[in-house]
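The values are calculated or read from the model by the stated rules, or taken from the named source; none is laboratory data. For clarity, every value in this text was computed on a predicted model and none was experimentally measured. Neighbour counts run over all protein chains shown; Cβ positions are idealised from the backbone, glycine included. All accessible areas refer to the heavy atoms of the entire protein, side chains included, with ligands and DNA or RNA removed. Shrake-Rupley method; radii C 1.70, N 1.55, O 1.52, S 1.80 Å.
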Amino acid sequence: MKRSGTADLPLHYGKVPPWLYERISVLGLSIIEVILMDYGKDEVLRRLADPFWFQSFGAVMGMDWHSSGITTSVMGALKRSVNPNSQSLGLYICGGKGKFSRETPSELIKIADKTGLNGTELVRASKLSAKVDNTAIQDGYQLYLHNFILSDNGNWSVIQQGMHESDGTARRYHWHSENITSFVEQPHTGINGISRGRILNLTDTEASENRKGILDISHTDSAEVMKDFARLILPAHHDVRASDVDLKRLGALLYVTREQQPQNFEDLLMLEGVGPRTMQSLALVSEVIHGAPSRFADPARFSFAHGGKDGHPFPVPINTYDESISILRKGIEKSRLGNSDKLNSLNKLHHIVTEAEKDFTPDFDIQQVIEEERQNSWRFGGKTVFGDAQKPTAPKSIQLSLF
């Protein structure tokens, strides 16, 4: 099997609060639209098929940076916002969690009727990808989510996730039609989850022609299979620590957006009047849109855009979040009218930060940065699932009164 990466994903329960879900839907759609405008539909599918990019994508939108909840929440929000615009975007999202996953075949047939695509083949691809990950590969994970993302040119990606009930972890599987030559011989672009050593691959009745490929894989030493892929380990701890992020990249970002903003951004007219805090968020959003694949090995860094709903690394700054969305939406609307200056400025912002990284030596305490964000959270409308961020109270004097 071909994997672009593996990661340990703590299994999280609970729901995303409405105030965040609404914003994820809008920001997620905006990011997808900009990628479509600049790179095309196939690039959107490639990004979604990359487990590292997908985790970073969820983190930049305020989801818990390390958890399995990114998968269900992000895909649910994307389906909600993308599908009403499918005709103009050329993208469709089918399936979902639980009972919605079983609706995928009927959804694909309806899309095929509208687009002229081969519905039978699409349904077969959906079922085979689920069969292989749930039945042919017996790794202890039972699928509970299946999303099939389809473009009107017939290319597709699959994102599906399984649960391992015995230890509270999840494994996410990514498929991409561009790389498929066989459903059992190197079919995946990536699998996220804990490595459990040797994996026994069984035959599948709907893939009898691939029986030899399955048997070949099942006799391959797992250490040999694992040696060539990068492994992203997402820890169980909620807090963001220095070991979780690329300090050089984060430090350069903070330096440029907080300390060098006036000098570096004089010509970024679309960002005129935007403060350092929003610039920090926009720089990370821009990286998700324009960054090279190698830049997504540390998803925790992207939580410094809009925080996390559980308060880690800090509460979600609602005012900043809304300003990020507003700038993106205005840029998209103007680009549709032939003026792409605003979206080009976001790309330039990304390049300014990457240039600054070349000569940057990190010399800062990440915990001080996080504490500063928390202390100022109330100024930006900070919010978590536990409530609104409160203005910090002045420290009480320990001097005793003489009167």
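From the list 45, 78, the lone residue that is touching a Gly at 6+ places or on another chain (Cβ under 9 Å), assigned to a helix (DSSP H, G or I), open to solvent by less than 10 Å² (accessible area, probe 1.4 Å) and at negative phi is 78. Residues in region 342-376 that are among the acidic types (Asp, Glu) and either under 18 Å from residue 301 (Cβ atoms) or in contact with a Lys or Arg (Cβ under 7 Å, 6 or more places away or on another chain) (or both): 355, 357, 363, 365, 371, 372, 373. Just so you know, in region 155-172 the residues that are out of contact with any Lys or Arg (no Cβ under 9 Å at 6 or more places or on another chain) and outside any strand (DSSP E or B) include one that is least open to solvent (accessible area, probe 1.4 Å), and it is 168. Before we move on, is residue 24 free of Cβ contacts under 8 Å to residues at least 40 places away in the same chain, surrounded by 22 or more Cβ atoms within 10 Å (Cβ to Cβ) and within 26 Å of residue 244 (Cα to Cα)? Judged against the criteria, residue 24 is not a match.
Of the numbered criteria (1) surrounded by fewer than 20 Cβ atoms within 10 Å (Cβ to Cβ); (2) within 13 Å of residue 157 (Cβ to Cβ), the one residue 14 fails is (2). Scanning region 372-387 for residues that are open to solvent by 90 Å² or more (accessible area, probe 1.4 Å) and not in a helix (DSSP H, G or I) yields one hit, 386. Can you work out which of the residues in region 270-303 that are more than 19 Å from residue 351 (Cβ to Cβ) and assigned to a helix (DSSP H, G or I) is nearest to the chain's Cα centre (by Cα)? This residue is 299.
Residue selection: residue 44 fails the criterion of being under 30 Å from residue 344 (Cβ atoms), in contact with a Phe, Trp or Tyr (Cβ under 6 Å, 6 or more places away or on another chain) and modelled with pLDDT of 95 or more. Considering region 304-350, and only residues there that are in contact with a Pro (Cβ under 7 Å, 6 or more places away or on another chain) and in a helix (DSSP H, G or I), the residue that is surrounded by the most Cβ atoms within 10 Å (Cβ to Cβ) turns out to be 306. State whether the residues of region 129-140 include one that is free of Cβ contacts under 8 Å to residues at least 24 places away in the same chain, open to solvent by 10 Å² or more (accessible area, probe 1.4 Å) and part of a helix (DSSP H, G or I). No. Please pick out the residue among 40, 96, 90, 69 that is under 22 Å from residue 234 (Cβ atoms) and either in contact (Cβ under 8 Å) with a residue 60 or more places away in the chain or not hydroxyl-bearing (Ser, Thr, Tyr) (or both). The unique qualifying residue is 69.
For the subset of region 87-128 comprising residues that are outside any strand (DSSP E or B) and of a type in the set (Val, Ile, Thr), which member is least open to solvent (accessible area, probe 1.4 Å)?
Among those residues, the one meeting the criterion is 104.
Within region 141-154, restricting attention to residues that are among the hydroxyl-bearing types (Ser, Thr, Tyr) and in contact with an Asp or Glu (Cβ under 9 Å, 6 or more places away or on another chain), the residue that is surrounded by the fewest Cβ atoms within 10 Å (Cβ to Cβ) is 151. Among residues of region 351-371 being modelled with pLDDT of 90 or more and aliphatic (A, V, I, L, M), the one that is surrounded by the most Cβ atoms within 10 Å (Cβ to Cβ) is 353.
On the stretch given as region 59-70, residues that are assigned to a helix (DSSP H, G or I) and surrounded by 24 or more Cβ atoms within 10 Å (Cβ to Cβ) total 3. Kindly indicate whether any position in region 100-112 is in contact (Cβ under 8 Å) with a residue 40 or more places away in the chain, closer than 30 Å to residue 168 by Cβ and among the basic types (Lys, Arg). Among the residues of region 100-112, not one is in contact (Cβ under 8 Å) with a residue 40 or more places away in the chain, closer than 30 Å to residue 168 by Cβ and among the basic types (Lys, Arg), which makes the answer no. Right, residue 56: buried (at least 20 other Cβ atoms within 10 Å of the Cβ), in a helix (DSSP H, G or I) and polar (S, T, N, Q) or not? Yes.
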